1. Is it fair to say VAL532 is crowded, with 20+ Cβ neighbours inside 10 Å, within 25 Å of SER502 (Cα to Cα) and at pLDDT 85 or above?
2. Which condition breaks for THR350 when tested against (1) over 13 Å from VAL214 (Cα atoms); (2) open to solvent by 10 Å² or more (accessible area, probe 1.4 Å)?
3. Name the residue that is most open to solvent (accessible area, probe 1.4 Å), counting only residues in the stretch 635-667 that are part of a helix (DSSP H, G or I) and modelled with pLDDT of 80 or more.
4. Examine the stretch 754-761 for a residue that is hydroxyl-bearing (Ser, Thr, Tyr) and either modelled with pLDDT of 85 or more or part of a loop (DSSP other than H, G, I, E, B) (or both), and state whether such a residue exists.
5. What number of residues in the stretch 771-809 are open to solvent by less than 60 Å² (accessible area, probe 1.4 Å) and closer than 18 Å to ALA730 by Cβ?
6. Can you find a residue that is of a type in the set (Gly, Ala, Ser), in a loop (DSSP other than H, G, I, E, B) and modelled with pLDDT of 85 or more anywhere in the stretch 796-816?
7. Give, as residue ranges, the helices (runs of 4 or more DSSP H) completely inside the stretch 123-232 that count at least 2 residues that are on the phi < 0 side of the Ramachandran plot and aromatic (Phe, Trp, Tyr).
8. Is it true that some residue in the stretch 336-353 is among the aliphatic types (A, V, I, L, M) and either within 17 Å of PHE84 (Cα to Cα) or without any contact (Cβ under 8 Å) to a residue 24 or more places away in the chain (or both)?
Amino acid sequence: MADEISAVALADTDLADTALPETFGYTLKRKLLGPPLVNEQMAEQRLSRPLALGVLSCDGISSAAYGTEEMLIEMIQVVGLAAFTLILPMTLVVLAGIALVVLSYREVVSVYTRAGGSYVVARENFGPRVAQVAAVALLIDYTVTVAVQTAAGSAAIVSAFPQMANIPVIGHHILPVISVVAVLIMCYGNLRGIREAGRLFAMPTYLFTGSVAVMIVVGLVREVLGNLHHVSAYPGPTYLIGHSTEGIISVGIIYMLLKAFANGGSSLTGIEAVSNAVGALRPPEGRNARQILITQGSIVAFLIAGISWLAHITHAIPYLAGYPTVLAQEANVVFGGAGHFMYFVVQAATALILFTGGNTSFSGFPFLASFVASDSFLPRWLTKRGHRLALSNGIIVLTIVSLVLLIATGAEVNGLIPFYAIGVFTGFAMAGFGMAKYHKRVKERGWRRRRIINVTAAVYTAIVVVIFAVVKFTEGAWVIVIIFPALVYLLIRLNREYRMESEVLAAIGDRRAAGVPPRPTNYSRRVVLIFVDDVDLATFAAIRYARGLRPTTMRAVHFVIDSAQAEKLREKWVRYGQDIPLEMIDTPDRRLTREALELVSREAQAASTQVTVVLPRRGYAPLLGRLLHDRTADKIAAVVSQVPDSAATIIPFDVESRVHLLHARQAARLAAVNESAHNGGGHGAGHNGAGPVEPGNVSPKSKEQPAAAGTGAPSAKGGPPAVSADGTTAIAALGAGRKASVEGRVKTVSIRPSENSCVFETTIADGTGSLTAMFYGRTNIPGVEPGARLRLDGKVSMRGGGPAMINPAYELLAKDE
């Protein structure tokens, strides 16, 4: 039934499209990304456990492809071939870190089943400002992950086909070219929606895990049989092989080991991806996330241990060009001549998982940016869902930044590593310390054991951050050391700007509807529509202007894309006593400009009718305002003005000047308090900054019991209506004067004044037509909101050329009913 509802919604859109031509931009978007998904389909975009393991674990599992090689690069330049012996104890230290991080994040997803990972943990336990440290750490991690994964994937391709380096023009830049193409493909896949991306990106995880596992097992068997030899030399320079004879406890050797350990820490990246996208999993989210974490950690540990052991046996040496990779050399020597087909299978699987490992960032970065933006620490346009319900703005930002990073570094993995681990290990440490504080505060069963795990993991990862910042400082880590605190300050500064703006717009105070002049007498027909998204001073400025137009009909309109926000708007509208009808129009595909265009076109069809749309627009600082706010009013005005006999008027409300005024008043108040304290008398003026108390969430199911429905008996005015098997009648078949039962989807909801009372009015549609239901003396019916499914029982009358029911019995239906 849910599919039928969605089909009806899309059918309604298609019917409207026949009358109003689409813009070129939307037509192109629809051809590239497919038809839009409506809000009801958001719940369907969840990942099953096998699919989530493939999508969310590809980053962590793919890091095994280059973790061993990065450790060898640092060691082989100092101790030479002794690096192939030291690689084993160094791998054990890395595996211990993997175990600690997995156990720590297992506690995270057990408690915080909402997506967000270490950011949510830090916010809940340390406050929103401290949480911005975790936010910046993860945002940097996600960005660099895309660059590292695609660069390593490009190296895997060229390792299989080294002749690509001889292609004219692009041969010397083959790694950045392949990397850029891979990033653009991942961006396109994610813009189409997470379900499509899951099917596309899950398979490489299983292919890589299986093929490398086969390589490890075959290599171990050949070692036991005594026919596994060292790798053969490849053309091209390797990293300089050192010949240090210093003791293992010398300063130079210790520094080298620390650098190797820092490089090997890249193998831990991606483990946290599950916690950052718990909301993308199917229920029960917490249990599924824990199982995925354990499975992912076990796979990563096995692969890294196996690859390091084969490097120890085969002496695979890293090359300066980045190819052939250590993994490619191991696959070549393990499978040999007869099994050379498997060499290409391993390379293909490695390239695929490394490319799609960046897809974890395309899932996690937009979710995290949306959470941070919801807390008003990032621009709010990052919270908007796009054409296919993906957080498109976050995906596009991530794509642009990662492409810049790839081009700047020439897509070299070893050149990108210095930018890498500071962010991810800072997130690990914040999550560990946050969970330790949580266990101490809550003291649930077994909290001491859990706290020890989280503290140990936090200390381990914090030490890695310090090591990485020191030993990699001159190799590029200094950039992150400088950018990191700057970004934290910027996020806090953006939040301060948002808070000041909200304080100004919410200061309704005594400037409510009291004193609003009465409506003028009727003139020639003029319809005035006030598009509102909040009840604040900017809205009242628009209302005052609209009243001055002396309209025949005036009403406020809100396009519903968030039912919770719409409910808060309705409550504010009733609370502040506006005598203007408020109409709420369902906008399931979030196309505000299209819905506004259709509404104005319908109103302007009547003869001798002038339609004026009034749009309140909050004005901010020119540069900062463009960053923090979109220009929805301008977009709607541009579209509405194209309709004949209609006009759009934008009513600006300068928030920036109010912010400056508020600063001045606060400074004056503080000066007065200080002067009073200096003089030793008087009391500081109190200020109650509390805003209106918002009600709690309303249950989606109404607890009112419907009255007895009509029987639908034949009327004297005509034969019985066409009644379906469940007793409902198609709206198109309704006739006046008879009782009937109808079912449909709520399209609009409005509140209208009626003498000394008011009317709650809703319109439902069933695909054959629409019916208006009026509930006198009501301002709200819990659960009756745009997008809901409703059954009505009552007597049908004709009003305004269409069927209507007055005070019918009603029943809320499940969306899949």
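1. Criteria met by VAL532.
2. Of the numbered conditions (1) over 13 Å from VAL214 (Cα atoms); (2) open to solvent by 10 Å² or more (accessible area, probe 1.4 Å), the odd one out for THR350 is (2).
3. Start the filter on the stretch 635-667 by keeping residues that are part of a helix (DSSP H, G or I), which leaves 635-640, 655-667.
Now narrow it down to the ones that are modelled with pLDDT of 80 or more: 635-640.
Details: LYS635: 116, ILE636: 12, ALA637: 13, ALA638: 60, VAL639: 34, VAL640: 0 Å².
Selected residue: LYS635.
4. The answer is no; no qualifying residue exists.
5. 16
6. To start, the set of residues in the stretch 796-816 that are of a type in the set (Gly, Ala, Ser) comprises 797, 800-802, 804, 809, 814.
Restricting the remaining residues to those that are in a loop (DSSP other than H, G, I, E, B) gives 800-801, 814.
Subsequent filtering for residues that are modelled with pLDDT of 85 or more retains none.
No, every residue in the stretch 796-816 fails to be of a type in the set (Gly, Ala, Ser), in a loop (DSSP other than H, G, I, E, B) and modelled with pLDDT of 85 or more.
7. Once the helices (runs of 4 or more DSSP H) in the stretch 123-232 are filtered for at least 2 residues that are on the phi < 0 side of the Ramachandran plot and aromatic (Phe, Trp, Tyr), what remains is 194-225.
8. Looking for residues that are among the aliphatic types (A, V, I, L, M) and either within 17 Å of PHE84 (Cα to Cα) or without any contact (Cβ under 8 Å) to a residue 24 or more places away in the chain (or both), one finds at least one in the stretch 336-353, hence yes.
The values are calculated or read from the model by the stated rules, or taken from the named source; none is laboratory data. Quick caveat: nothing in here was measured; it's all calculated off a predicted structure. Note that we place each Cβ from the backbone using ideal geometry, even for glycine, and neighbour counts take in every protein chain shown. We work out accessible area using only protein heavy atoms, side chains counted, and drop any ligands, DNA or RNA first. Shrake-Rupley method; radii C 1.70, N 1.55, O 1.52, S 1.80 Å.
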